[in-house]
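Notes to accompany the following structure.
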Amino acid sequence: MLLLQTMKIMMMDSNSRGGNKMTEISKNKSLAPEEITRKDVTKAYLRWHFSNEIPHSFERYLAPSLLYAMMPILKKLYKDDDALKAAYKRQLLFFNTQLSWGGGVITGLMSSMEQQRAEEESENKEILMQDDLLYNTKAGLMGALAGIGDAIDSGTVQYIFIAIAIPWAQQGNPLGAIFPFVAFALYQVILGLFFARQSFTMGRSAAGLMQSTGIQTAIETLSVLGLFMMGILAGNYVKVSSSLSFDISGKEFIVQDVLDQVIPGILPLTVVMGIYWFYKKKGLKVTQALLWLTGILIVLAGVGIL
């Protein structure tokens, strides 16, 4: 009788331990991160793109936008409330970068690194994706990529679209005003999506690629192209001419004709370089520059020089 009771107790204890193990396994499965797809990364970038400057603050700059972009992905990765809160805090630290180059690469890269971090936590592995590594990667890239994006997008691409549209604007075609805005907006969305998807797929190697010698050479080349485009625009569309003329021995000398023969375009170049000098000395004060330029041109026209 005692033997039967002992065996019964042992069986009950065994069943209890088995049940606890099953419960633990079930709990671990429920906390396991879900797979992140290209669709998730696309959604994250679009959320970043369209909320970019909305929550801008001097304390965190664009970090709230990045967190808003990452929230659906973080919710799929971290099922535990404490882990999710910690991930939110990681992505809410100071952040500022350019929209498509910086935002695209870093959104995809953070998605990839957070996925690895979630897997390490779920499987109780050594945490290689430490908080410092995640933030230092983001902080190290945001300035470099912002410089790349500003040089290419703001310094080159938008002027190409403007140059294409100026002849239409001069003809009174509404496309001249609409085309640069629409084309540049579509360009930035498409470029940002491409970078987000590629950096998510490539993981941390994407950061090294963006800072490689080949990419830096391409950036310098495009920056020079941007300067050429600005020069071409100034030469073609900044119109300044002199009305001065002199009679010498009965022959009329027109100053503008002489300038065109000796140094064509010298007056428009003088105006452009004067504005550049003003910006270098006073900073990018556009309204002041326009007021000074208007006043100077009125005076010169009034005395008959222009």
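For residues that are of a type in the set (A, V, I, L, M, F, W, C), buried (at least 16 other Cβ atoms within 10 Å of the Cβ) and closer than 17 Å to Ala196 by Cβ, tally how many sit in the range 30-70.
Residues that pass the stated criteria total 10.
Working carefully through the options Glu53, Glu34, find the one that is part of a loop (DSSP other than H, G, I, E, B) and under 18 Å from the mean Cα position of the chain (by Cα).
Glu53
Take the residues in the range 57-74 that are of a type outside the set (A, V, I, L, M, F, W, C), part of a helix (DSSP H, G or I) and in contact with a strand residue (DSSP E or B) (Cβ under 9 Å, 6 or more places away or on another chain), then tell me which one is nearest to Lys89 (Cα to Cα).
For the range 57-74, the residue satisfying everything is Pro64.
Looking at the range 102-112, can you tell me whether even one residue there is surrounded by fewer than 16 Cβ atoms within 10 Å (Cβ to Cβ), part of a helix (DSSP H, G or I) and modelled with pLDDT of 85 or more?
Checked against the condition, which is being surrounded by fewer than 16 Cβ atoms within 10 Å (Cβ to Cβ), part of a helix (DSSP H, G or I) and modelled with pLDDT of 85 or more, the range 102-112 yields no hits at all.
So for the range 125-141 (the condition being crowded, with 19+ Cβ neighbours inside 10 Å, among the acidic types (Asp, Glu) and in the same structural domain as Tyr45 (by TED's automatic domain parsing)), does at least one residue qualify?
no
Here is a yes/no grid of residues against (1) not in a loop (DSSP other than H, G, I, E, B); (2) not polar (S, T, N, Q):
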{"position": "Tyr135", "(1), (2)": "yes, yes"}
{"position": "Lys138", "(1), (2)": "yes, yes"}
{"position": "Leu141", "(1), (2)": "yes, yes"}
{"position": "Leu145", "(1), (2)": "yes, yes"}
{"position": "Asp150", "(1), (2)": "yes, yes"}
{"position": "Ser154", "(1), (2)": "yes, no"}
{"position": "Ile160", "(1), (2)": "yes, yes"}
{"position": "Gly172", "(1), (2)": "no, yes"}
{"position": "Gly176", "(1), (2)": "yes, yes"}
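How about the range 291-306: which of its residues are at pLDDT below 80 and among the β-branched types (Val, Ile, Thr)?
Val303, Ile305, listed by residue number.
Hey, among Met22, Met1, which residue is at pLDDT below 55, farther than 24 Å from Lys125 by Cα and outside the structural domain of Val189 (by TED's automatic domain parsing)?
Of the residues listed, the single one that is at pLDDT below 55, farther than 24 Å from Lys125 by Cα and outside the structural domain of Val189 (by TED's automatic domain parsing) is Met1.
Determine which member of the set Gln288, Gln216, Gln188 is in the same structural domain as Thr107 (by TED's automatic domain parsing), among the polar types (S, T, N, Q), at pLDDT 75 or above and not in a loop (DSSP other than H, G, I, E, B).
Answer to the selection: Gln188.
Do we find a residue being under 18 Å from the mean Cα position of the chain (by Cα), modelled with pLDDT under 75 and under 27 Å from Ile36 (Cα atoms) anywhere in the range 222-242?
Among the residues of the range 222-242, not one is under 18 Å from the mean Cα position of the chain (by Cα), modelled with pLDDT under 75 and under 27 Å from Ile36 (Cα atoms), which makes the answer no.
Could you say which residue among Ala177, Ala165 is of a type outside the set (Lys, Arg), farther than 19 Å from Thr37 by Cα and surrounded by fewer than 18 Cβ atoms within 10 Å (Cβ to Cβ)?
Within the list Ala177, Ala165, the selection yields Ala177.
The values are calculated or read from the model by the stated rules, or taken from the named source; none is laboratory data. Computed from a prediction, not measured in an experiment: that's the story for all the values here. As a convention, Cβ positions derive from the backbone with ideal geometry for all residues, glycine included, and neighbour counts pool all protein chains shown.
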